[in-house]
Every structure is written in structure tokens, then in C-alpha cells.
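Colleague: Quick one: this structure, given as C-alpha cells, is what I'll be asking you about.
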Amino acid sequence: MSKQYSRGPHPLSIFSLLPINNHARKVLEDPINAQAHLVSTHSNGIDHLDIGHFNSISGYTNLANPGRGMDSDIHMNSKYISVSQCSFEIDPQSKVITLWDRSREETTRVTGTDATKFDPSPNRRVIVEPDSDIMITMGSEESMRVRFWFM
């Protein structure tokens, strides 16, 4: 099956997730994600996930819900990823985007020069801004973690 991704980001997307490692690239190659029109090719030729241009299964303030569960908007086929790994949610008035760690083992992380720490449990969340220097890492096993740049 040949790739049939969109050229350039979707015009209604709010942000993109750029894969950093092979585990993240496998997420882009998952047929479920391609069929959902999440994957597009950046002008530099690199494939990425577009977020915010579709209605999430989880509700209108939820931009995307990555995980390995059937109700995930971004399908991640790995036993090291939680059924509901995390969610990106937007406040309708302020347009602030919050990343929530939904994993039971707190296996969603953010790093980078613009990253701030998650709020403490049980409501692990952090505000993320497009065009920030933030890497999002998901998964329980170090060698199997999925890593994306938030753009």
C-alpha cells in the first residue's frame, strides 16, 4: 500500500507532532492513523501528525487522545503504551492547550528548553504551546518509548 498522506499540514490543524525515533515513525505508519487523515508531509519532506482539525472521540475540548485503546484518536500499537496514554485538551475561551498524562504509571513526559514540569498526581497536566521547544515522550520501557517534537 502506497502512502497517501496530505502534502503540508492540514489548514485547520492547531499543532503537529513530529516523530523523533522509530517508535514514533511506526505510529505514523499505522493504517488507522493514516485513514483518519492525521498524517501529512511537512514541506521539508518529513511526515508528522496533525492535531486539532478533527473531532475527538472524547469530546469537543479534547484535541487528541493517544493510546493503544479502541477509543484512542491516535492509535499506538505497543504494549508499553497505556490504553489511554495522554490527552491534548484546549480551553475554548483562552485557546490554551493542556497535555494530560492519563497513564496509570505516569509514563508521559515533557522535556526541552520550553518545557515545564507536570502538576503533581493525581491530575498530571502541563500547558504546552505550539512552536515551543518541547519533546513529548510516551511509554513505560526506556528503549521502547515513543518520542515526538511538539510543533
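Colleague: Between a residue in the stretch 129-151 that is without any contact (Cβ under 8 Å) to a residue 60 or more places away in the chain and any residue that is open to solvent by less than 10 Å² (accessible area, probe 1.4 Å) and among the polar types (S, T, N, Q), which pairs come within a Cβ distance under 8 Å, given they are 6 or more apart or on different chains?
Modeller: From residues that are without any contact (Cβ under 8 Å) to a residue 60 or more places away in the chain, the pairs are Thr137/Thr108.
Colleague: Whether any residue in the stretch 58-70 is buried (at least 18 other Cβ atoms within 10 Å of the Cβ) and modelled with pLDDT of 95 or more is what I want to check. Step through it out loud before you land on a result.
Modeller: Here is the first cut: in the stretch 58-70, the residues buried (at least 18 other Cβ atoms within 10 Å of the Cβ) are 63-67.
Still in the running and modelled with pLDDT of 95 or more: 66-67.
Yes, because at least one residue in the stretch 58-70 is buried (at least 18 other Cβ atoms within 10 Å of the Cβ) and modelled with pLDDT of 95 or more.
Colleague: Only one of Ile134, Ile81, Ile74 is more than 17 Å from His23 (Cβ to Cβ) and in contact with a strand residue (DSSP E or B) (Cβ under 8 Å, 6 or more places away or on another chain); which?
Modeller: Values: Ile81 fails: more than 17 Å from His23 (Cβ to Cβ); Ile74 fails: more than 17 Å from His23 (Cβ to Cβ).
Unique residue meeting the criteria: Ile134.
Colleague: While we're on this one: Pick out the one residue from Ser87, Ser132, Ser143, Ser82 that is polar (S, T, N, Q) and within 18 Å of His53 (Cα to Cα). Write out each step before concluding.
Modeller: Details: Ser132 fails: within 18 Å of His53 (Cα to Cα); Ser143 fails: within 18 Å of His53 (Cα to Cα); Ser82 fails: within 18 Å of His53 (Cα to Cα).
Step by step, each of Ser87, Ser132, Ser143, Ser82 is checked, and only Ser87 is polar (S, T, N, Q) and within 18 Å of His53 (Cα to Cα).
Colleague: Another question, then. Any chance you could count how many residues in the stretch 50-59 are touching a Pro at 6+ places or on another chain (Cβ under 8 Å) and of a type outside the set (Asp, Glu)? Quick ask: steps written out before the conclusion?
Modeller: Restricting attention to the stretch 50-59, the residues satisfying the condition of being touching a Pro at 6+ places or on another chain (Cβ under 8 Å) are 50, 53.
Still in the list and also of a type outside the set (Asp, Glu): 53.
Number of matching residues: 1.
Colleague: Need at least 1 residues that are of a type in the set (Val, Ile, Thr) and over 21 Å from Leu38 (Cα atoms) per element, so show me which strands (runs of 3 or more DSSP E) inside the stretch 70-124 make the cut, counting only ones lying wholly within it. Even if it seems obvious, please write down each step before you answer.
Modeller: On the way: elements: 86-90, 97-101, 108-111.
Passing ranges, in order: 108-111.
Colleague: A further question follows. Kindly check whether there is at least one residue in the stretch 39-55 that is farther than 21 Å from Ile20 by Cα and of a type in the set (S, T, N, Q).
Modeller: Going residue by residue through the stretch 39-55, those that are farther than 21 Å from Ile20 by Cα are 53-55.
Restricting the remaining residues to those that are of a type in the set (S, T, N, Q) gives 55.
Within the stretch 39-55, one or more residues are farther than 21 Å from Ile20 by Cα and of a type in the set (S, T, N, Q).
Colleague: What do you reckon, is His48 within 19 Å of Arg147 (Cα to Cα), surrounded by 13 or more Cβ atoms within 10 Å (Cβ to Cβ) and either at pLDDT below 95 or not hydrophobic (A, V, I, L, M, F, W, C) (or both)? Don't jump to the end; show me each part of the working.
Modeller: Numbers: within 19 Å of Arg147 (Cα to Cα): yes; surrounded by 13 or more Cβ atoms within 10 Å (Cβ to Cβ): yes; either at pLDDT below 95 or not hydrophobic (A, V, I, L, M, F, W, C) (or both): yes.
Taking the combined requirement at face value, the residue satisfies it.
Colleague: Please work out if Phe15 is in contact (Cβ under 8 Å) with a residue 12 or more places away in the chain, aromatic (Phe, Trp, Tyr) and buried (at least 20 other Cβ atoms within 10 Å of the Cβ). Lay out the reasoning, then the answer.
Modeller: Values: in contact (Cβ under 8 Å) with a residue 12 or more places away in the chain: yes; aromatic (Phe, Trp, Tyr): yes; buried (at least 20 other Cβ atoms within 10 Å of the Cβ): yes.
So Phe15 fits the description; yes.
Colleague: Quick one: would you say Phe54 is part of a loop (DSSP other than H, G, I, E, B), among the aromatic types (Phe, Trp, Tyr), at pLDDT 90 or above and touching a strand residue (DSSP E or B) at 6+ places or on another chain (Cβ under 9 Å)?
Modeller: Numbers: part of a loop (DSSP other than H, G, I, E, B): yes; among the aromatic types (Phe, Trp, Tyr): yes; at pLDDT 90 or above: no; touching a strand residue (DSSP E or B) at 6+ places or on another chain (Cβ under 9 Å): yes.
Considered against the rule, which asks whether it is part of a loop (DSSP other than H, G, I, E, B), among the aromatic types (Phe, Trp, Tyr), at pLDDT 90 or above and touching a strand residue (DSSP E or B) at 6+ places or on another chain (Cβ under 9 Å), Phe54 comes out as no.
Here is a yes/no grid of residues against (1) within 21 Å of Arg125 (Cβ to Cβ); (2) under 11 Å from the mean Cα position of the chain (by Cα):
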position	(1), (2)
Ile14	yes, no
Asn33	no, no
His37	no, no
Asp50	no, yes
Asn65	yes, yes
Ser84	yes, no
Thr98	yes, no
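Colleague: Residue by residue through the stretch 18-45, note down the ones that are hydrophobic (A, V, I, L, M, F, W, C), open to solvent by 20 Å² or more (accessible area, probe 1.4 Å) and outside any loop (DSSP other than H, G, I, E, B). Break it down stepwise before answering.
Modeller: Step one: list which residues in the stretch 18-45 are hydrophobic (A, V, I, L, M, F, W, C), which gives 18, 20, 24, 27-28, 32, 34, 36, 38-39.
Adding the requirement that they be open to solvent by 20 Å² or more (accessible area, probe 1.4 Å) leaves 18, 20, 32, 34, 36.
Within the stretch 18-45, Leu18, Ile32, Ala34 meet the criteria.
The values are calculated or read from the model by the stated rules, or taken from the named source; none is laboratory data. Quantities reported herein were computed from a predicted structural model and do not represent experimental measurements. A quick note on method: Cβ atoms are made from the backbone with ideal geometry, for glycine too, and the neighbour counts reach across all protein chains shown. The protein model used for the area step is the full one, side chains on, heavy atoms only, and it has no ligands, DNA or RNA in it. Shrake-Rupley method; radii C 1.70, N 1.55, O 1.52, S 1.80 Å.
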